[in-house]
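Where a number appears in this text, it was derived from the coordinates with a stated rule and is not lab data. Values in this document were obtained by computation on a predicted structure and should not be read as measured data. Backbone-built Cβ (ideal geometry, glycine too); neighbour counts: all protein chains shown.
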Amino acid sequence: MGYILSLESYVTAPFGRLLATYRKEKILDKNKTNYSVARVETYTKTSITKAERHNERKNKSYSNMNVDLSQTPNNIHYKRCETTYNEKLKELIDSGQVSLRGLRDNAKLFDELIFDINSDYFEKHGGYEFAKEFYERAFHFAEEEMGTDNIISAVMHADELNTALTEEYGKPIYHYHLHVVALPVVRKEVKWTKKCKDKSLIGTTKEVINQVSHSNKWKSEQVLDNQGKPVYDKRGNAVLIKSYSLLQDRFFKYMSDSGYKDFIRGVKGSNQEHLDDLQFKIKKDTERLDKIVNQVEEKENSYNSYMKYDKQIENISNLGKQKRFSKKIELEQEDYESLTQYAKKGIVADKEIYELNNRIDNLRNAVDKWKSLYDDIVEKTKDYFHAIKLAPQKVTNFFKSLFDKEKQDELERQRLEQEKIQAERKAREEAREQARLEKQKLKNSPEYKKRRADRDAR
């Protein structure tokens, strides 16, 4: 089994740890456990537009290269937003169904619930049809969590290719998952304030509104012990269970009770589906890094040769060790020369590491540049490759006909160009002949002969 770099180590790890990671981390585990995922993303009025373009497939191209727009018709809307997300929000506000009272302009108004299980789970249980049924049930869970009227959009994506499993199975495998965009609404009692003229009403309920409030919708709950008493940590602070963790618990239980088995509750912070696919991609990219990794390893080995002097360095460090140092510390000449030698080697090593890190940074920048160009090429040629996959002979014949026509057009252009050149040459020759004849005619005219005789007489 091969090895790959994790994304975190690829970006941030020092080269010593990076090499170790490269040696130790494994790629896909074919016998992996399937995990359910339920997570929440938050958006403002401004930021929600990006999520909307992605969810509703309003972009012409996507940063995620695995989006196959030819499969987009397979996406399933359990609730479709006929306008924009912000327009739907305004509609709910204008109708009095929800309120943004007291919220800042940059407040978090939209919650996106994302439900997911490993692609392999669906493939082993019936693929696309099974995924549709599964996420329809997940949508009903979202209705219970958020309220049906508060859901803006709910769509299952079926057009994102899982490249790792596609290679493993030898056929297209798609990453089925559900996006639910909803408003985090809570019931809020508005009390009469001291400004009320009727003092008897102060503190009583004035009205009950459906307030959009992410923080109140997703409050954490305090942990209780077996006796139902609150649990506190050593500092006396309440021990809390994150609301998102509770969402995971509820989602797993809901789907399990609905008859869907063979998976377990997702690990906190897990995004396994994307990690598997990312690992596959990184594996491919890592092959291009082998050369530079080997260079780093060579430098590392050369630096390791200095380690045998550790004991001597320790001894030198201990020289003159006392409770209080004087202004001067005397060393033997041999020890002084050794110390300065190690210092020089350290400076050289630091310089080499610095230069090598700069080189790595430059290479990474170059990789990013070429990846961007590659992504652009892929986007521009995806239709061709999709067509060649579906009907290779038809595409081949089509392009052959285009090339043949292009060749014939070029021959015709050359023929016309040659005819034009010949016509222009003939026209010039005829013009010169006409000019010669006109000149000869003029010389033979009586007027010309008389002027010539008069001039000769003078």
Quiz prompt | Non-local Lys pairs in region 393-457, i.e. 8 or more apart or on different chains, that have alpha carbons under 19 Å apart | solution = 5
Exercise. Tabulate in residue order the Karplus-calculated ³J(HN,Hα) for region 420-428, using 6.51 cos²θ - 1.76 cosθ + 1.60 with θ = phi - 60°, rounded to whole Hz; enter x for Gly and Pro.
Key: 5, 4, 5, 5, 5, 5, 5, 5, 5
Quiz item: So in region 60-211, what percent of DSSP beta bridges are antiparallel if you round to the nearest 5?
Solution: 95 percent
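Over region 34-270, what relative contact order in percent results from Cα pairs under 8 Å that are six or more residues apart? Write down the numbers at each step before the final one.
Values: 383 pairs, mean separation 61.7, N = 237.
Computed over region 34-270, the figure is 26 percent.
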Quiz prompt | Likely footprinting exposure, 81, 196, fewest C-beta neighbours within 10 Å first | solution = 196, 81
Quiz item: Using modelled amide H (1.01 Å from N, peptide plane; none on Pro or chain starts), what sits under 5 Å from the amide H of residue 206, excluding residues fewer than 5 places away?
Solution: 190, 191, 192
Quiz item: Can you list the trypsin sites (Lys or Arg not before Pro) in region 86-194 that are in a DSSP coil and have 15 or fewer other beta carbons within 10 angstrom?
Solution: 101, 104, 124, 194
Quiz item: What's the local net charge at residue 189, with K and R +1, D and E -1, over the other residues with C-beta under 14 Å away?
Solution: +4
Quiz item: Between residue 391 and residue 229, what length in nm is gained on full extension when 0.36 nm per residue of separation is reduced by their alpha carbon distance?
Solution: 51.5 nm
Quiz item: For region 213-219, what does the Karplus curve 6.51 cos²θ - 1.76 cosθ + 1.60, with θ = phi - 60°, yield as ³J(HN,Hα) per residue in whole Hz, taken in order and with x for Gly and Pro?
Solution: 7, 5, 5, 7, 5, 10, 5
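With the Cα gyration tensor of region 34-270 giving a ≥ b ≥ c as the square roots of its eigenvalues, does the rule (a/c under 1.5 for rounded; else a/b larger than b/c for prolate; else oblate) give rounded, prolate or oblate?
oblate
Using a 10 Å cut-off around each Cβ, can you sort 447, 143 from fewest to most neighbouring Cβ atoms? Walk me through the intermediate numbers first.
Values: 447 8, 143 18.
Exposure proxy ranking, most exposed first: 447, 143.
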Quiz item: Local charge sum around residue 44 (other residues, Cβ-Cβ under 13 Å, Lys/Arg +1, Asp/Glu -1)?
Solution: -1
Quiz item: Relative contact order (percent) for region 204-266, with alpha-carbon contacts under 8 angstrom and 6 or more residues of separation?
Solution: 23 percent
Self-check item: Cβ-based exposure ranking for 245, 153, in which fewest neighbours within 10 Å come first
Solution: 245, 153
Quiz item: Which pairs break 24 Å Cα to Cα here: 132/242; 79/382; 79/217; 369/389?
Solution: 132/242; 79/382; 369/389
Quiz prompt | ³J(HN,Hα) computed for each position of region 93-106 - Karplus, 6.51 cos²θ - 1.76 cosθ + 1.60, integer Hz, glycine/proline x | solution = 5, 4, 7, x, 6, 9, 9, 10, 4, x, 8, 6, 4, 9
